[in-house]
1. How much accessible area does Lys472 have with a 1.4 Å probe, in Å² rounded to the nearest 10?
2. Given a cut-off of 14 Å, what percent of all Cα-Cα pairs of the stretch 363-412 lie beyond it?
3. Grab every C-alpha pair in the stretch 184-309, bin the distances at 5 angstrom width from 0 up to the longest one, and report whole percents.
4. Quick check: net charge around Gly227, other residues with Cβ under 12 Å of its Cβ, Lys/Arg +1 and Asp/Glu -1?
5. Starting from a Cα-only point model with no solvent, please compute log10 I(q)/I(0) by Debye for the stretch 374-525 at q = 0.08, 0.13, 0.17 1/Å.
6. Near Trp395, within a Cβ-to-Cβ distance under 15 Å, what is the net charge of the other residues, with Lys and Arg +1 and Asp and Glu -1?
7. Give the residue from Ala132, Thr165, Ser225 lying farthest towards the positive end of the charge dipole for the chain; charges sit on Cβ (+1 for Lys and Arg, -1 for Asp and Glu) and the dipole is referred to the Cα centre.
8. In terms of modelled amide H atoms, which long-range or inter-chain residues lie less than 5 Å from the amide H of Ser508?
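The values are calculated or read from the model by the stated rules, or taken from the named source; none is laboratory data. Remember, it's a predicted structure, so these values are computed and weren't measured experimentally. Please note: Cβ atoms are built from the backbone with ideal geometry, for glycine as well, and neighbour counts cover all protein chains shown. Just so you know, the surface numbers come from the protein's heavy atoms only, side chains and all, with ligands and any DNA or RNA stripped out. Shrake-Rupley method; radii C 1.70, N 1.55, O 1.52, S 1.80 Å.
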Amino acid sequence: MVRWWLTLLLVNAALITTAIPRLGVAAMPWLALEGLILVGALSLWPPQRLARRLLAYVSATLIVLALACALGDAITQEIQGRPLNLYLDPSQVPILLELLRDNLGLPVSIALVIATLLALLVIGLGLGHLLASLPRHGAPRRCAWGTLMLGVGLALLGLWRDTTTFGTPGMTMLTDQATRAYETQASLRDFDARLAARESLLDAPGGQPLPSLAETDVILAFVESYGMAALEREPFAAPVNQRLDAMTKAFAQAGLSMASSRIVSPTLGGQSRLAHASVLSGLWVSSPLRYTRLLESPRATLIDDFERTGHTSVAMMPAIYRDWPAGRRLGYDEIHDDARLDYRGPRLGWVTIPDQFVWHRLHQVRREHREPLFAELALISSHAPWVPVLEPLPWNELGDGEAFARWEGEGSDFLELWGDNAGMRQRYGPALAYSLAVAGEYAVRYVNDETLLILLGDHQAAPGMLDVTPNKEVPIHIISGDPALIAPLLEHGFQRGMQPRRDTPARSMAELRGLLHSLYGNDAT
């Protein structure tokens, strides 16, 4: 009898645990009805039946699967502010393992993965053994029937009464995943249809020119983790807004025009490539599968558009240190990755190459080309865990990067840094302020009337660090020495200066390509 109650308690505990990341501890049900039904049914099952043992171990496997989903859901919510999607997320496991290795070291990462798998295995085998032995160590049939009928009755009651006292958390987790997989498949079919559509000139392969920018260097610079929360929430808002206000004054003194707005990213907390692809393609690239489908399609992007306009396309990618087939598929004329940037300074934790050095190299690349450039930058000095927080250096001292030696050794203890959420919250604002500061200094020095600088965030920071799950809005700033290039933006919802308006709807990143064509394309001339 004691073993029967222990089995019921452990099954119930395992099932209600799956509700924690989805509902919050305060709303977690204390009674899992599928556990009552399962224990009651197996207690009444005739002993010495293979079907009973098979059902017991299959049920235990499903419980462990629900627990694994709950763990994955908790991680996904913490990092990206969205639920786990078993249809999409397994492809991200190698990336997660790589991040663990880079942050915790290989031995700790292996030990953590093995310990997690062993824990799930032990839980599964233990629950399976307990469930399979219920007829031999069960409760009286009257008690078993009562448990079964209680579970069935409360389940039926739950169809018409809203309550958090009891529920079916394990089954809800698994059915939610099945529903999400079905909806994802339908969404991918819609995306494939959109890729194949030829509803406008932008859908066709080959690209469409932007004649109003034919003699203009266009720089598309993504600032890592630069989201609207950084302008609106303490403690990060103060240093970021101070920097934006200082940039507004510096740009005005330098004779630069500027306009700002808000734009919605397809991702949150990571996967920056989805934001890049959405801006480039004019499509909502909200998952790795969509990203892959885009790369496999002949659809043109802004890269093709600017090449048709006469630009050389350049990618400045300091975080790319391996082969990058996606870059070749996108068709950049030049890819300046980790190796080609020729950085000789120290590696500063996640800030492998400081933003100021990337801007410095961009200036050199611009001087090497007589034709106009379209340059895309993926800047990383504001990447979590935001160590070290750098300061701008004199531009004439940057050289090959050795000037950054004063920060050498900082940011190397990833295990300690990632575990210090309070510390990350304090560093996030100053790190962003640095990224904006060097972008602003570059603009003052090198943006002229033949330059259009588009400076925007790739995504909001991770919800776990922000201590809230934010929306997906990021700031976008467009700067030029030619007021005529900025004026049309002010007629399309942008605000003069470096502070974006809060009282207008935010555009999707997928709309930016179309906006550029409407303002600077054939229809605008």
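1. 80
2. Of all Cα-Cα pairs in the stretch 363-412, 67 percent lie more than 14 Å apart.
3. Over the stretch 184-309, the share of Cα pairs per 5 Å bin runs 2, 9, 15, 16, 16, 15, 12, 8, 6, 1, 0 percent.
4. -1
5. Once normalised to I(0) and log-transformed, intensities are -0.30, -0.77, -1.15.
6. Summing Lys and Arg as +1 and Asp and Glu as -1 gives -2.
7. Result: Ala132.
8. Val264
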